[in-house]
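Participant: Handing you this structure, nothing more for now.
Please treat every number below as a calculation from the coordinates, not as lab data. If you're wondering where the values come from, they're calculated on a predicted model, not measured in any experiment. Neighbour counts are summed over all protein chains in view; Cβ atoms, including those assigned to glycine, are modelled from backbone coordinates with ideal geometry.
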Amino acid sequence: MNPSASAAKHQPGRPVNKKRTFSKLSVREAAWGYLFILPVALGLAVFYMAPSAASLFLSFTSWDGMSSPVFNGLDNFTQLAGDEKFTRSLLNTLLYTIATVPLSIAFAVILAVLLNQKIKGMILYRTLYFIPVITMPIAVGMVWKWLYNSEFGLINFVLGSLHLPQPNWLFDEKFALFSIVIVSVWTSIGYNAVILLSGLQGISASYYEAASLDGAGTLYRFFRITLPLLTPSLFFVLVMSFINSFQVFDLVFIMMGQQSSLLDSTRTVVYSIWEDGFKYFNMGYASAEAFILFIVILVITAFQMYFQKRWVHYQ
Amino acid sequence: MTSYSSYRSRRIAVHVLLIAGAILMIMPFLWMLSTSFKSFADSMKVPPTLFPSEWHFENYSKVLSTIDFGRYYGNTILVTLGRTAGQLLLCSLAAYSFACLKFPGKNLIFLAMLAVLMVPSQVVMIPSFVIMRELNWLDTFYVLIIPGIFSAFGTFLLRQFFMTLPKDLEEAAKIDGCSYFRIYWNIYLPLSKSALVSLAIFTILASWNELLWPLIMTSSEDMRVLSIGISTFQGQHSTDYPLLMAGAVMATLPIIILFIFLQRYFIEGIAMNGIKG
């Protein structure tokens, strides 16, 4: 291979013989380039892009998944707007998100600040707080269902011995969704804290030195230095948490069970999609639900991107 | 002296808070472990006891004999390994191409790939089911492994990492007449161990813990993975918590042990991801 070949790329208009080496090399490079991306590109096209397009089409049809889909225009969407089960699931998902995201992020900020110091056992703490993140959600759901058990569960035992009220967690309309929120917060604190911790570690010590020279107190430093400089990481965590929360399924599936009478107060959008698509085989209808979920996530993410100017400070 | 003692008391306060939080994080696991060794009657005791009054190790063998746990394990391990190996190989190859090679339309193809990241998996699920049925892949290992190999996220993650590597090495190798594949295989891959391990961890976690995809795409008992296995198990033994907890311990332990050994890579991978956004 010609050593001058790579230099030739940056210098167009060289003598003809050089130019020929360049173009021969670049054709070869392009050929290998295409070959290397081919498997992934093909796989993504078949298993992700084509189904995404198909899903959009299917959302305008009525289809049982077997016979050929029947185009029905906007019927699915008008029907969904009046479908109490679906609007309720949308509302539940929204409530779940609004409760989970701020709680998880608030605890994660506290944890990250505590861990961002030279303290003994930092790695051990980090490991312990992270274990819920990596544990299979199905197993997590089973364990918490047992913890929530109203007669023999640990939680109500502790509450009882503190003379606090002992709710019937998963079997009480008022508490069922919130019970799932608690588990989600528990599983996501570690993840959010790790991202925030790496954000904290990126804040230059000189800011704090200047502030302590000025005699600033701990709280002042936290609200005037740490929090503003942490906003880029907070923004990332917020966007990701919203996206993930809108797609909650596993915990509801395992903790509420498929027959639970309280499913109405905990059914989420993804649960609805699964139920309509794969239990009742209304695949056109379920596609429309999935499409609405996509739009909701897209709008909320775009909204966050737009408003980040107002509160995110990039250093 | 006063500043030293206030510094010390602050440290103690920090530890107290961290320990209290850690107990809340770990308690459910200890409760799972403790219940898994209790007898049924023992688990229903009021007030509950932290430790079993008798240790019933046979709960575990009972789980193994009631459901085909070994099979679920085998399936899950096979699926996880297949996906992880395939993803590491194919995504890194594509990532190398995106990061280092020049070809027409590269940016457009890359953008199209990023667009895949935006679409929630639920949108893809319903048509995927039909595609898999047409391919006759439903209820086979193909459906559990192959679609999971192609990852826009993995390609993106590795591409970002390859972009940070110095170009000199590649130039030197080109001068020595190395093929592009050799440059990728002998230079880029060995330099990217930490990024590859991070991606492997994400893939292992995602496929080990996954529920919805196998729930939809498989139906026979032979094809059950752990998450499906223990959720059906819960359906059958809804109140026998010692057995359920033994099942949950067995399903989660391998990943927890893996995590404890590789926790640095787990956490660095996530932190790296968070910064790159």
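Participant: Just check the protein assembly as shown against the gyration tensor rule for me: Cα atoms, a ≥ b ≥ c as the square roots of the eigenvalues, rounded for a/c under 1.5, and otherwise prolate or oblate depending on whether a/b exceeds b/c.
Facilitator: Details: a/c = 1.70, a/b = 1.24, b/c = 1.37.
Since a/c reaches 1.5 but b/c is at least a/b, the shape of the protein assembly as shown is classed as oblate.
Participant: Using the 10 angstrom Cβ neighbour count as an exposure proxy, how do A:VAL269, B:VAL197 rank, fewest first?
Facilitator: Working: A:VAL269 27, B:VAL197 17.
With the fewest neighbours first, A:VAL269, B:VAL197 line up as B:VAL197, A:VAL269.
Participant: For chain B, what does the alpha-carbon gyration tensor say about shape, rounded, prolate or oblate, given a ≥ b ≥ c as the root eigenvalues, a/c under 1.5 as rounded, and a/b over b/c as prolate? It would help to have the intermediate numbers written out before the result.
Facilitator: Details: a/c = 2.60, a/b = 1.35, b/c = 1.93.
Verdict is oblate for chain B.
Participant: Quickly work out the B:TYR142-to-B:LEU165 label distance, labels modelled 7 Å from Cα along the C-beta direction, and quote it in nm with one decimal.
Facilitator: 3.4 nm
Participant: For segment A:143-178 and segment A:75-105, what is the separation of their Cα centres, given in Å?
Facilitator: Rounded to whole Å, the Cα centres lie 25 Å apart.
Participant: Using a 10 angstrom cutoff on alpha carbons, build the Gaussian network for chain B and name the most mobile of B:THR164, B:THR84, B:THR232.
Facilitator: The residue with the greatest mean-square fluctuation here is B:THR164.
Participant: Also, I was wondering about something else. Within segment B:189-206, find all residues whose amide N lies under 13 Å from a label point positioned 7 Å from the Cα of B:LEU262 along Cα-to-beta-carbon.
Facilitator: Under 13 Å, as judged by backbone N against the label point of B:LEU262, lie B:193-206 of segment B:189-206.
Participant: Per the helix-only calculation at 222 nm, which mean residue ellipticity applies to chain A, given -39500 (n - 2.57) for every DSSP H run of n ≥ 4 and division by its residues, nearest 500 deg cm²/dmol? List each step's numbers first, then the result.
Facilitator: On the way: 16 runs with 221 residues, N = 315.
Calculated at 222 nm, the ellipticity per residue is -22500 deg cm²/dmol.
Participant: What list do you get for A:LYS24, B:LYS38 if you sort them by fewest beta carbons within 10 Å? Show your work: numbers first, answer last.
Facilitator: Working: A:LYS24 12, B:LYS38 24.
With the sparsest Cβ surroundings first, the list reads A:LYS24, B:LYS38.
Participant: Which entries of A:LYS309/B:LYS102; A:LYS145/B:LYS62; A:LYS118/A:LYS145 show an alpha-carbon separation above 26 angstrom in the structure shown? Write down the numbers at each step before the final one.
Facilitator: On the way: A:LYS309/B:LYS102 35 Å; A:LYS145/B:LYS62 21 Å; A:LYS118/A:LYS145 37 Å.
The answer is A:LYS309/B:LYS102; A:LYS118/A:LYS145.
Participant: What is the fewest-to-most order of B:VAL130, B:VAL249, B:VAL14 by other Cβ atoms lying within 10 Å of their Cβ?
Facilitator: Working: B:VAL130 18, B:VAL249 21, B:VAL14 15.
Lowest to highest Cβ neighbour count: B:VAL14, B:VAL130, B:VAL249.
Participant: Can you give the calculated 222 nm mean residue ellipticity of chain B, where each DSSP H run of n ≥ 4 adds -39,500 (n - 2.57) and the sum is split over every residue, rounded to the nearest 500 deg cm²/dmol?
Facilitator: Numbers: 13 runs with 206 residues, N = 277.
Here the helix-only value at 222 nm equals -24500 deg cm²/dmol.
Participant: For labels at A:MET122 and A:GLU151 in the simple 7 Å Cα→Cβ model, what's the distance in nm?
Facilitator: Those two pseudo-labels are separated by 4.9 nm.
Participant: In nanometres, what is the gap between the two model label sites at A:TYR306 and B:SER219, each 7 Å from Cα along Cα-to-Cβ?
Facilitator: In this crude spin-label approximation the distance works out to 4.5 nm.
Participant: Rounded to the nearest 0.05, what FRET efficiency is calculated for B:ILE77 and A:SER161 with R0 set to 45 Å and r the Cβ-Cβ distance?
Facilitator: Working: r = 43 Å, r/R0 = 0.95.
After rounding, the FRET efficiency stands at 0.60.
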